[in-house]
Amino acid sequence: VALPTAVGGAVGVRLAVTATHRSPSVPRFAVPLPIPPVLRPVSTEDGTDRYEVRQLPAEVEILPGRPTPIWGYEGVFPGPTIEARSGRPVAVRHHNHLTVPTVVHLHGGVTPPDSDGYPLDLVLPVGQHRWPGHHVPTGPSGHGGTAGVAHGARTYRYPNQQPAATLWYHDHRMDFTGPQVYRGLAGFYLLRDDAEENLPLPRGERELPLMITDRFFNEDGSFFYPSLDPDLRERPGVHALFADGVRGDTILVNGAPWPFVRVDGARYRLRILNASNARSYDLHLDPPPPGGGGLVQIGSDVGLLPRPVSHDSLYVGAGERYDVIVDFSRYPAGTSVVFGNRSGAGPTAEVLRFDVGTRVADDSAIPERLGPDPEPFDESQAATTRTFRFLGGQGGLPATINLRTFQPDRVDARARLGSTEIWRITVDPEHPFHLHLGHFRVIDRNGSPPDPQDTGWKDTVQIRGGEVRIAVRLTGYPGRYVLHCHNLEHGDMMMMANYEVA
Ligand code: C2O
Ligand code: CU
């Protein structure tokens, strides 16, 4: 088992050391919620919107008065939002002005393999012709995962042949996804279409993308990432903070610590994205609106639900998205509503505060009908049934799938394009399962019907022990893709597998 050098220390002997790190304390609900800027295309040729993105080191103010060095798409964190339309292709040229190789993955995108961000399809820093010490990948093309190594820049092509959805893009470099996303390499990619726009959903200022992350900070304001990354200081106990995935003590929404947002007494659409490396959130409104059911889910990871589903709370695993309507007119003006996190404790039990204003005219509505019903799925029509067992990652144990760690040259499953397969994912104890290319529906959890929040098409599912069965629809493009744990440290510890679609 070859463990990457950056994380090899996680499989160590110092696990008895108590995990300690305390970030500088910041007041909660003291800064307004930022909204990431929307990126404009540089041109439109032959119906393709072309974007240029520079991956840049930058310094931003996250904690008051303490500058934080980040790596950001266009130098901001979150990265700029890309707004795309179904059926209209996008090409994004990423320029790597950082000091390390990068890879960009469009999470939830149905993307050809050479643009999907296979973890070995590195983009080397501008001016760097080889990457010293990097094991030379020998993928199917002989020189890389699927697209090979690019020098300085790569153009990623997204056909957008899929319905409206909240997608996101983030770094996916082999062995280093955790630290690179942590430093800021993540942004929204909102896919829109006519069907959705014809619905009377809240829009404009009343549509809020919410990227939830957690971080540790050092006293000087820099991010603290507990690993053996030579740039970062090593302290007693850091391995214990790392080994099961990094969960910081400071909650950020759109890059700001515990922000507040003033809302009208009206309906709002919240596009919730958990972009944290490892933390899950059990989100609820505190206080709940009279009568409960305050979180009306309209969409899942990759599109609108057939019908809205009301929840009192939503358990959001790393990588998952929930598209939700909250009607703040159900609260009296002047109410402060905290987006709380029941799976957190102390400061991490709170995320964001909504300060509700007066009731205003609101022509939005939550239609009873949102998207088409999925075709009924008959299990006997499944092309095959596979089992993926996610084991380890905790307590310094190797992070494995079917007792193996990732090997770029080993294909772990071969599937047929156009088929639907049943996958049994068993986990111990808890892992967020994600696959590239294919979208799926949850069939059952431990033999019981899926949770209400499992409705709809998904690309990531949080599994809190036991087994989940999913029906995976493999449409799109032939090629080699990965499935992995979206606890990014587990992924870096090689809890990942190749599957090939032909
Ligand atoms: Cu969001 Cu393979 O990742
Ligand atoms: Cu995991």
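Working out 0.36 nm times the residue gap between Glu368 and Glu52, then minus their Cα-Cα distance, what length gain in nm do you get to one decimal?
Contour length minus Cα-Cα distance gives 109.8 nm.
Arrange the peptides 331-338, 101-108, 472-479 so that the one whose residues have, on average, the most other Cβ atoms within 10 Å appears first.
My ranking of the peptides, most packed first, is 101-108, 472-479, 331-338.
Relative contact order of region 31-195: what whole-number percent is it, with Cα pairs under 8 angstrom and at least 6 residues apart?
26 percent
Take every Cα-Cα distance within region 379-501, group them into 10 Å bins from 0 onward, and report for each bin the whole-number percent of pairs it holds.
14, 48, 33, 5, 0
For the chain, what is the charge dipole size about the Cα centre, in debye to the nearest 20, if Lys and Arg each add +1 at the Cβ and Asp and Glu each add -1 at the Cβ?
In debye, rounded to 20, the chain gives about 500.
What is the local net charge at Ala164, summed over the other residues whose Cβ is closer than 13 Å to its Cβ (Lys, Arg +1; Asp, Glu -1)?
Taking every Cβ under 13 Å from that of Ala164, the sum is -1.
Name all residues of region 62-79 having a backbone nitrogen under 20 Å from the label point set 7 Å from the Cα of Ser25 along its Cα→Cβ direction, giving them as ranges.
Within reach of a label on Ser25: 62-66.
Treat each spin label as a single point 7 Å out from the Cα along the C-beta direction, and report the Gln128 to Leu403 distance in nm.
3.8 nm
What net charge do the residues around Val411 carry, taking every other residue with its C-beta under 11 Å from that of Val411, with Lys and Arg at +1 and Asp and Glu at -1?
0
Go through region 213-218 residue by residue and turn each phi into a ³J(HN,Hα) via Karplus (6.51, -1.76, 1.60, θ = phi - 60°); whole Hz please, and just put x for glycine and proline.
Per-residue couplings from phi come out as 9, 10, 9, 9, 10, 8 Hz.
Which ³J(HN,Hα) values, rounded to whole Hz and listed in residue order, are derived for region 318-330 from phi using the Karplus coefficients 6.51, -1.76 and 1.60 in 6.51 cos²θ - 1.76 cosθ + 1.60 with θ = phi - 60°, glycine and proline given as x?
Karplus values, whole Hz, x for Gly and Pro: 4, x, 7, 10, 10, 9, 9, 9, 10, 9, 6, 6, 6.
Longest span of the chain, sites excluded, free of GluC sites (Glu not before Pro) in DSSP loop with at most 14 other C-beta atoms within 10 Å?
1-218
Which FRET efficiency value, to the nearest 0.05, is calculated for Thr385 and Leu417 with the Förster distance at 30 angstrom and r the Cβ-Cβ distance?
0.95
Please give the calculated 222 nm ellipticity per residue for the chain, where each DSSP H segment of at least 4 residues contributes -39500 (n - 2.57) and the sum is spread over every residue; nearest 500 deg cm²/dmol?
-1000 deg cm²/dmol
Hey, can you grab everything whose amide H is under 5 Å from the amide H of Leu352? Only 5+ residues off in sequence or another chain; H modelled, so Pro and N-termini drop out.
Phe339
Grab the beta carbon distance between Glu45 and Asn198, set R0 = 22 Å, and tell me the FRET efficiency rounded to 0.05.
Working from the Cβ atoms, E equals 0.20.
Tally Lys and Arg at +1 and Asp and Glu at -1 over the other residues with C-beta under 13 Å from the C-beta of His434: what net charge comes out?
Net of charged neighbours comes to -2.
Tell me whether the chain comes out rounded, prolate or oblate; compute the Cα gyration tensor, take square roots of the eigenvalues as a ≥ b ≥ c, and use a/c under 1.5 as the rounded threshold.
rounded
Can you work out ³J(HN,Hα) from phi for every residue in region 46-55, in order, using Karplus 6.51 cos²θ - 1.76 cosθ + 1.60 and θ = phi - 60°, giving whole Hz and x for Gly and Pro?
Those phi angles translate into 6, x, 9, 7, 9, 10, 10, 10, 9, 8 Hz.
Give me the number: length gained by fully extending Val60 to Phe377, i.e. 0.36 nm times residue separation minus the C-alpha to C-alpha distance, one decimal in nm.
That pair, Val60 and Phe377, stretches by 109.3 nm at full extension.
No lab work stands behind these numbers, since they all come straight from the coordinates. These numbers were taken from a predicted model, which means no experiment stands behind them. So basically every Cβ, Gly included, is an ideal-geometry build from the backbone, and we count neighbours across all protein chains shown.
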